[in-house]
Structures are given as C-alpha cells and as structure tokens.
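Asker: Take a look at this one; I'll ask things after.
A short reminder: the numbers here are calculations on the coordinates, not readings from a lab. Everything numeric in this text was worked out from a predicted model, so none of it was measured. A quick note on method: Cβ atoms are made from the backbone with ideal geometry, for glycine too, and the neighbour counts reach across all protein chains shown.
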C-alpha cells in the first residue's frame, strides 16, 4: 500500500510540474519570437519584454530541475524546502508576466496595443526601414500571442500555488516510509521500510542489514525440538559405584578399559582369563544380575557396545 501511495503522489506532483514547465515554455517561446522579429527589423524593445524573457527562461530551467529531483529523490526534506520557497517566488514572477501581457485580455479587435506598437488589428507591424529576413505578424496575431502568454501565466500561478502543498505531502510520506512497521510514531500504518544501500550493506552499517532486524530483536526463542534432546541412559547403565570391591566400578562414559581381563566364576576351574571385549553388553548385565562379579577387589570397567 505504501509503494502504491508513493507512486500516486509522485504522479500527481509530476503532472503539476509538467504543466508548470509547459506554461513557462510557452511564454518563453512566444516572447523569444517577439524579441527575434523586433531585433531583426530594428524595432525598439521594451525592457519589460526582456524581463519576461529572462523570467520565463529561468522558470523553464527550474521546472526541468524539479522533474529530475522528483524522479530521483522525491520528498527529500532539504530539496523540498528549497523548491517550496522557489515555487512561491515563481508564482510572484508569473504574476508579473501576466501584468506585462494584460493587453491580451481584450478581444484583439479594433485598436490594440502590442509589443510592436498600437494600431488597427487588421494591419501588420510596421518596419522602421531597417529590413530583415523574418516576417512581422499582424497586430491581431501579436495580440493573440499576448493573450496566450496571459492565459498560461495565470495557469502557471495556480499550479505553483499547489506544488508546495504537494511537496509537504511527499516529505511526510517519505518520513512515514522510513519507519518500518506499525507504531504510534506513524499512526499504526505500515510502510515498506527503507532498504540499505549497496555500500551500506557491504560495510554492515546500522549493525544489522537484515530488513526485519527490528522485528527479529523482539522474537521469542525457539522451542526445543525432540531432535535437539540427547537420549538418556537407563538407570542401571548410568549407575556408578565408586567403592572398590566385588562389584567394581562401572562408568558408561569411559570407553578406555581399566583392566582388559578378569576371571569370572564360570570361566572354569582353571580360572582362565576372560576378555571383556568378547562379552556383549547384555552378557555383562546378566553376570551382574546373577551376582557373578570379578574377583580380587580390583576395579573393572564394563564398556557398552
């Protein structure tokens, strides 16, 4: 949801910036035509017309810059604050452009006042004899061009009033997206979270680069599974008698024999040696249960197999 909202806000701001660029570019193009034809025919150029040319050119370049910022780092607080201030200045500048083109507010019929001078709308602009290769427009067409400059300057003013509010919305959305997960800080709304950059992930910035690091820090420990538990020995297998005697000592964890041989009672009259490695664990337990223990008082260890 956060990504869709961000895309929608950027689209709206992009549309506003596009209209601003179109308005400024229109004023720039028409004013440039006025200046080119007047300079080519040696006509007097009003200083206010030069000011309109500079203002429209600056706004055109600025709107291109804002579109680039919107594509790269939308809602960045520092740049957004600067753009909000410049937007207010551009709005005032376009008001000046509209005032300088106020003569285009009439019907452009009869006597009109244009950058080429006053006269009948059905006549062409008068050349002062300087000559030139450009074609001078009629005063009616010149008046219509002033009307176009007036209209787009007013439209540009309206959209330059709207753009600062959209910048505020973008900044708030960016800050909300930088908070991960619902919390009182973001009114319990979830954001997509901020992903670490490429170099930050290599350096291990901010401790853990895992996107769920904040949630994993509060995660409960996992329960022990049956596979993690060691099998317990039976009671008769884990019993250890440290007293020396007929019973001897039995340590199931020590596989190193204390004595390799002994003479059990059932070994025969000769009491031959009996190798305990030849005796299975079940036979050892059976001898113990029948009371047949090694003689001589020495400690012996039965190893389980």
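Asker: Filter segment 40-70 for residues that are more than 30 Å from residue 130 (Cα to Cα) and touching a residue at least 40 places away in the same chain (Cβ under 8 Å) and give the result.
Answerer: Let us first name the residues in segment 40-70 that are more than 30 Å from residue 130 (Cα to Cα), namely 58-70.
Hits for segment 40-70 are 59, 63, 64, 66, 67, 70.
Asker: Sticking with this structure for a sec: Can you give me the number of residues within segment 92-109 that are outside any helix (DSSP H, G or I), touching a helix residue (DSSP H, G or I) at 6+ places or on another chain (Cβ under 6 Å) and either at positive phi or surrounded by fewer than 19 Cβ atoms within 10 Å (Cβ to Cβ) (or both)?
Answerer: So the count comes out to 1.
Conditions (1) out of contact with any helix residue (DSSP H, G or I) (no Cβ under 7 Å at 6 or more places or on another chain); (2) assigned to a helix (DSSP H, G or I), marked per residue:
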residue	(1), (2)
6	no, yes
22	yes, yes
42	yes, no
62	no, yes
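Asker: For residue 37, work out the one condition from (1) more than 22 Å from residue 135 (Cβ to Cβ); (2) part of a helix (DSSP H, G or I) it doesn't fulfil.
Answerer: (1)
For every residue, the table says whether it meets (1) farther than 22 Å from residue 47 by Cβ; (2) surrounded by fewer than 20 Cβ atoms within 10 Å (Cβ to Cβ); (3) in contact with a strand residue (DSSP E or B) (Cβ under 7 Å, 6 or more places away or on another chain).
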site	(1), (2), (3)
111	yes, yes, yes
123	yes, yes, yes
131	yes, yes, no
136	no, yes, yes
145	no, no, no
